[in-house]
Amino acid sequence: IHRAAAGIGIERFVVDDGWFAGRRDDTSSLGDWRVDRERFANGLAPLTEHVHQLGMDLGIWVEPEMVNPDSDLFREHPDWALTTPGYEPVLARNQLVLDFGRPEVRDHLYGRIDALLTEHPIAYLKWDMNRDISHPGGADGSAGAHAHVAGLYAVLDRLRAAHPQVEIESCASGG
């Protein structure tokens, strides 16, 4: 695919869903933003080098605002999801929304994405958000939608400051 894309003048090759640890379908692993060593035994470096040798930039898909209940992140921090206390969390697309209004959520996700961009010469993030916020409250019962959006912007600002060469595109509902 890489060679065919380069051969017709494609400038950027984007790795979509499935590059991160544990992801085999849409029911698991959102939130676990580590390179899958079963699929990429040597990390993303060989792929990045190959794509660059063909004259293309590398892009990668992320959906940092979401978490699957079947993920390491959710098992470790179920309280990080936007939920309404006393109500069963509503899944959409097998996902919950992470509460970017919480500093620890922002710091964790910034750290994961920053590490990805620091370790690999990635030129583009396809930043997805594929579900609505259905329970816009924090786990503590506070209103959460505005704080979530403000927190998201803070993470994007930090990433832009640390990696000004990376293009970040909001995709679908777009974060």
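Cβ separations smaller than 7 Å between residues 6+ apart or across chains give the following pairs from segment 16-33 residues that are under 16 Å from Leu109 (Cβ atoms) to residues that are in a loop (DSSP other than H, G, I, E, B) and open to solvent by 60 Å² or more (accessible area, probe 1.4 Å): Phe20/Arg34; Ala21/Arg34. Somewhere in segment 130-152, is a residue assigned to a helix (DSSP H, G or I), free of Cβ contacts under 8 Å to residues at least 60 places away in the same chain, under 29 Å from Leu47 (Cβ atoms) and open to solvent by less than 20 Å² (accessible area, probe 1.4 Å)? No, segment 130-152 contains no residue that is assigned to a helix (DSSP H, G or I), free of Cβ contacts under 8 Å to residues at least 60 places away in the same chain, under 29 Å from Leu47 (Cβ atoms) and open to solvent by less than 20 Å² (accessible area, probe 1.4 Å). When Arg75 is tested against (1) open to solvent by 20 Å² or more (accessible area, probe 1.4 Å); (2) within 26 Å of Val15 (Cα to Cα); (3) of a type outside the set (Gly, Ala, Ser), only condition (2) is not met. Filtered by the rule that a residue be part of a helix (DSSP H, G or I), over 17 Å from Val155 (Cβ atoms) and in contact with a strand residue (DSSP E or B) (Cβ under 8 Å, 6 or more places away or on another chain), segment 40-73 gives Leu47, Thr48, Val51, His52.
Hey, among Gly59, Gly43, which residue is modelled with pLDDT under 95 and not polar (S, T, N, Q)? If you could, list the steps in order and put the result at the bottom.
Working: Gly59 fails: modelled with pLDDT under 95.
Only one candidate qualifies: Gly43.
Tell me, please, whether a residue that is part of a helix (DSSP H, G or I), aromatic (Phe, Trp, Tyr) and under 15 Å from the mean Cα position of the chain (by Cα) can be found in segment 99-119. So that I can check it myself, show each step before the final result.
Residues of segment 99-119 part of a helix (DSSP H, G or I): 103-119.
Keeping just the survivors that are aromatic (Phe, Trp, Tyr) gives 110.
The next check asks that each one be under 15 Å from the mean Cα position of the chain (by Cα); those that pass are 110.
Yes - at least one qualifying residue is present in segment 99-119.
The values are calculated or read from the model by the stated rules, or taken from the named source; none is laboratory data. Being a predicted model, the structure only gives us computed values, none of them experimental. Heads up, the Cβs are rebuilt from the backbone with ideal geometry, glycines too, and the neighbour counts pull from every protein chain shown. Side chains included, ligands, DNA and RNA excluded: accessible areas come from the protein's heavy atoms. Shrake-Rupley method; radii C 1.70, N 1.55, O 1.52, S 1.80 Å.
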